[in-house]
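All remarks here apply to the structure that follows.
The values are calculated or read from the model by the stated rules, or taken from the named source; none is laboratory data. Computed from a predicted structure; not experimentally measured. Quick reminder, even Gly has a Cβ in these numbers, built from the backbone with ideal geometry, and neighbours come from all protein chains shown. To get the accessible areas, we keep the full protein, side chains included, count just its heavy atoms, and leave off ligands, DNA and RNA. Shrake-Rupley method; radii C 1.70, N 1.55, O 1.52, S 1.80 Å.
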Amino acid sequence: MQIGNRTSLITLFVGALLLAGLPAAQAHHEEPGAGEEPASESVVATASPNGVELEVVVYDMIFPIQGGATYSDNFGDCRGGAGCPRTHHGIDILKPKMTPMLAVASGYVGWMHNDQGGDCCAFEINHDDGWESWYIHMNNDTPGTDDGQGWGFAPGVVPGARIERGQLIGWVGDSGNAEASSPHLHFELHKPGGIVINPYPSLQAATVLNAPLSPGNTRGCDFDDDGHDDLAIGIPGEDLSGNTKTDAGAVTVLYGSTDGLGTARAQLLTQGTPGVDGQTNSDEEFGYATGCGDINSDGFDDLIVGVPGDANGGNADAGSVNLVLGSSNGLVASGSNRWHLDRRGVAGVAKVGDRFGESLAVGDFDGDGFADVAVGVPGKKISGEPGAGMISVLYGSAAGFDGTSAPFHEDKAGVSGQAEAGDGFGSSVAAGDFDDDGRADLAIGIPGEDSASGSDSGAVSVLYGTGSGLATADQARFSQKSTGIQGARAADERFGAALTSGDFDGDDNLDLAIGVPGDQVGGAAAGGVNVLYGSGAGLSSSNNELFRQGAGGVSGSSAAGDLFGSALAAGDFDSDGNQDLAIGTPGKQVTGLDNAGSVAVLYGSGNGLTGAGDDTWSQDTAGIRGASQADDRFGQKLATGDFSGTGISSLAVGVPGEDLGNDVDAGMTQIIAGKPGTGLSPAGDQRWDQKDAGMPGSAQTGDGFGHLGDTSF
């Protein structure tokens with residue numbers, strides 16, 4: 001994709017038929033005054049025929065609306081009634097409210113109308129090359145209403161602000177004198193000197209983006225590349241074949257749209273689905289883990305499904321993963337895409353209890369443009385030590401996985417530590433470019449690591465990406481005993497039980513959040529989260545943070561068994577360019593109900609994560625559908641994505657312990673939407689379970705609908 005900025009002027013002869021009846025264009029526009037409709041909508045035509053230029057101008061730019069839109073050449077049309085007192089000096093681009101708008105070129109914000117009266121919402125960008133683009137009739141309503149109380153501008157779009165080409169700048173609406181019309185963007189393009197030109201040819205030639213180039217990353221899975229993220233929901237306890245194959249497992253896929261996730265195109269995948277390339281058997285737990293990324297680099301995200309209970313060669317719980325490829329029609333299962341330790345090219349031999357596929361992380365570890373997958377094998381016996389654990393890296397190619405793999409464990413040369421029984425190396429994994437070199441790196445959780453402080457105190461290893469993939473050179477290892485890391489190491493803390501990456505301080509180096517669900521707080525195992533920040537040299541203990549409930553500005557209070565930090569997910573919920581962190585607390589007591597569960601959200605800033613303005617969410621939060629029940633475990637799994645295509649992350653909360661009538665632990669998933677400038681909001685939340693109309697499958701006791709994969713890259 002070309003992201004430079006240049007102007008191409010193609011001078012063409014324009015015949016008399018083209019000019020017939022077209023009012024002359026005004027040669028210069030003044031900045032609209034306060035209380036007025038911008039001049040582009042109220043220009044008095046000049047009498048001079050020289051106001052119309054005999055050239056077609058094609059300006060190299062990004063299309064101003066994400067995903068493209070419907071428009072026609074209505075430049076120069078008469079406005080204002082009889083006699084044509086005004087002419088239309090732009091193109092009206094039709095799109096629903098809250099569709100993201102993108103900067104067509106880099107520059108600085110000039111005039112701006114950002115009040116909530118009739119003058120809202122419009123502004124201009126003064127391009128670096130002297131051109132100008134004007135954006136008029138932006139949203140001024142709360143989503144789903146016509147109340148005039150919302151805002152059309154993305155955070156950071158203020159007078160004088162620097163704007164980059166492809167950046168999210170706001171949302172389509174019907175403000176100003178367009179309240180009675182269909183939502184649209186009135187878009188203008190001005191040459192240096194303020195001369196208005198017809199932007200239609202430039203719009204036709206513009207580069208269309210399905211997501212903003214900056215400032216943030218919504219982190220979701222877009223299996224059909226339509227600009228709306230989709231959600232894979234694991235159901236590892238699903239019984240199949242008339243309930244004769246218990247806990248065989250399944251995955252439900254919901255597709256995004258302007259209205260968010262819906263069941264219209266929902267899919268139910270199992271190992272028995274034609275093309276998934278596996279047989280359905282009891283206790284396989286298909287969907288225990290999921291991940292996504294563009295493995296074959298065709299522009300569509302692909303789905304990777306962990307099946308840790310899969311039996312290979314009669315080895316119970318040996319495990320496997322399935323790759324299901326994305327397309328313009330969504331996920332399409334085809335080919336031989338079941339991978340395991342007994343498959344040719346995958347290093348290792350499948351054994352009982354390996355649990356290959358219990359965790360997954362997706363990232364381009366060798367920088368070749370094909371996403372790769374790190375597969376956790378936490379039950380693997382290493383050097384005779386049962387459950388020491390390993391990871392296996394499957395590399396992407398145009399054909400899918402390329403048939404090679406690379407194993408890593410604590411007894412491999414160059415990897416710190418020593419393989420010990422029960423370490424669980426690979427129980428959690430997270431990919432992220434921690435050193436900003438263009439290649440993904442990998443954090444590996446070792447929550448069962450023992451220390452002098454006691455068993456299961458935990459640790460995290462980090463391997464860095466190179467041109468040939470993950471390598472042990474420069475690898476790092478962290479625990480709460482590491483120099484500079486906040487907290488004190490203790491038994492049963494399980495440092496590294498959950499991991500996610502995110503750019504919490506907006507410096508383009510991804511940072512690492514580490515869940516410590518047994519962290520000791522005041523003598524109670526309540527849980528905590530350590531955050532390490534990235535730099536050009538990778539992750540460092542410098543400026544690291546430790547977050548606990550009721551400390552350091554974080555809301556709430558800590559109690560034994562909260563499990564704060566059991567699940568983590570990152571996304572930009574307030575669209576400010578700094579990613580935010582959602583923290584699952586599935587053991588939290590809510591209104592006296594044990595293990596009802598909650599989720600805490602910390603917001604990013606230029607200085608990193610902060611407790612200021614944090615949120616706490618549960619099923620008892622006002623506006624959230626449902627009600628807390630004992631053992632719901634709200635927040636046991638988390639994921640993020642831009643499901644409605646607004647350029648803002650929403651949070652998906654897995655509630656695998658939710659009871660649906662007599663179906664105990666059938667499970668459900670809650671969606672809480674992000675909002676520009678303020679973060680997560682209960683307005684328009686969604687609640688999904690297998691009893692919903694149009695949802696494939698059926699709710700059963702023990703299904704655990706709500707296993708979500710953190711899209712950490």
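Once the dipole of segment 371-508 is set up with Lys and Arg at +1 and Asp and Glu at -1 on Cβ about the Cα centre, which of 504, 428, 453 lies farthest towards its positive end? Final value for the positive-end residue is 453.
One decimal place: the segment residue 241-residue 162 gains 22.6 nm when fully extended, by the rule 0.36 nm per residue minus the C-alpha distance. Compared with the rule-of-thumb size 2.2 N^0.38 Å for a compact globular protein, segment 434-505 has a Cα radius of gyration ratio of 1.20.
Here's how it looks for residue 405: its modeled amide H is under 5 Å from those of 347, which are all 5 or more places away or on a different chain. Dividing the convex hull volume of the alpha carbon atoms of segment 197-260 by its residue count gives 136 Å³ per residue.
The value of relative contact order for the chain, using C-alpha pairs under 8 Å at least six residues apart, is 9 percent.
Between amide H atoms placed 1.01 Å from N, distances below 5 Å from residue 411 occur with 419, all of them 5 or more places distant or on a separate chain.
Judged by the mean number of other Cβ atoms found within 10 Å, the most tightly packed of the peptides 435-442, 381-388, 368-375 leads the ranking 368-375, 435-442, 381-388. In straight-distance terms, cross-link reach from residue 97 covers every one of the lysines whose alpha-carbon lies under 18 Å from its own, apart from those fewer than eight places away in the same chain; here that gives 675. Label-to-label distance, residue 627 versus residue 555, with points set 7 angstrom from Cα along the beta-carbon direction: 2.2 nm. Computing FRET efficiency as 1/(1 + (r/R0)^6) for residue 402 and residue 146, where r is the C-beta to C-beta distance and R0 is 56 Å, gives about 0.60. Counting only protein heavy atoms and a 1.4 Å probe, segment 113-165 has 36 square angstrom of accessible area per residue.
If you bin all the Cα-Cα distances of segment 69-166 at 10 Å, starting from zero, the percentages per bin are 14, 39, 37, 10, 0. The amide H of residue 580, built 1.01 Å from its N in the peptide plane, has 571, 572, 573, 604 as neighbours under 5 Å, considering only residues 5 or more places off or on other chains.
P(r) tail, segment 575-704: Cα-Cα pairs separated by more than 16 Å, 62% of all pairs. Residues in segment 262-275 carry Karplus couplings, in order, of x, 9, 4, 10, 4, 10, 10, 10, 9, 5, x, 5, x, x Hz; the curve used is 6.51 cos²θ - 1.76 cosθ + 1.60 with θ = phi - 60°, and Gly or Pro positions show x. Computed over protein heavy atoms with a 1.4 Å probe, the carbon and sulfur contribution to the accessible area of segment 362-438 reaches 49%. Any chance you could list P(r) for the chain, counting all Cα-Cα pairs in 20 angstrom bins from zero, rounded to whole %? Over the chain, the share of Cα pairs per 20 Å bin runs 18, 48, 26, 7, 0 percent.
Which residues in segment 647-687 have a backbone N closer than 18 Å to a point placed 7 Å from the Cα of residue 612 along the Cα-to-Cβ line? In segment 647-687, the label zone of residue 612 (backbone N under 18 Å from the point 7 Å along Cα→Cβ) covers 677-680.
For segment 188-198, backbone phi angles converted through the Karplus equation (6.51, -1.76, 1.60; θ = phi - 60°) give residue-by-residue couplings of 10, 10, 10, 6, x, x, x, 6, 7, 10, 6 Hz, Gly and Pro being listed as x.
Label positions at residue 383 and residue 74, each projected 7 Å from the Cα along the C-beta direction, are separated by 7.2 nm.
Listed cross-link partners 351/412; 481/588; 381/412 are compared with a 24 Å cut-off, the Cα-Cα value being larger for 481/588. Note that segment 158-165 has calculated 3J(HN,Hα) couplings of 9, x, x, 5, 6, 10, 9, 3 Hz, one per residue in order, obtained from phi through the Karplus relation 6.51 cos²θ - 1.76 cosθ + 1.60 (θ = phi - 60°); glycine and proline are x.
Per q in 0.27, 0.32, 0.35 Å⁻¹, report the Debye log10 I(q)/I(0) for segment 379-420, using one uniform scatterer on each alpha carbon and no solvent. The Debye formula, applied to the Cα set alone, gives -0.86, -1.04, -1.15.
Taking a point 7 Å from the Cα of residue 508 along the Cα-to-Cβ direction, the residues of segment 358-396 with backbone N closer than 20 Å to it are 364-369. Solvent-accessible surface of segment 364-472, averaged per residue with a 1.4 angstrom probe and all protein chains in place: 28 square angstrom. So, R0 is 35 Å and r is the distance between the beta-carbons of residue 213 and residue 620; what FRET efficiency does that work out to, to 0.05? My answer for the efficiency is 0.35. Taking 0.36 nm per residue of separation and subtracting the current Cα-Cα distance, fully stretching the chain between residue 664 and residue 297 would add 128.0 nm. Using only alpha carbons, segment 369-522 has a radius of gyration to Kirkwood radius ratio (Rg to Rh) of 0.98.
By DSSP, what percent of the beta bridges with both residues in the chain are antiparallel, rounded to the nearest 5?
About 95 percent, rounded to the nearest 5.
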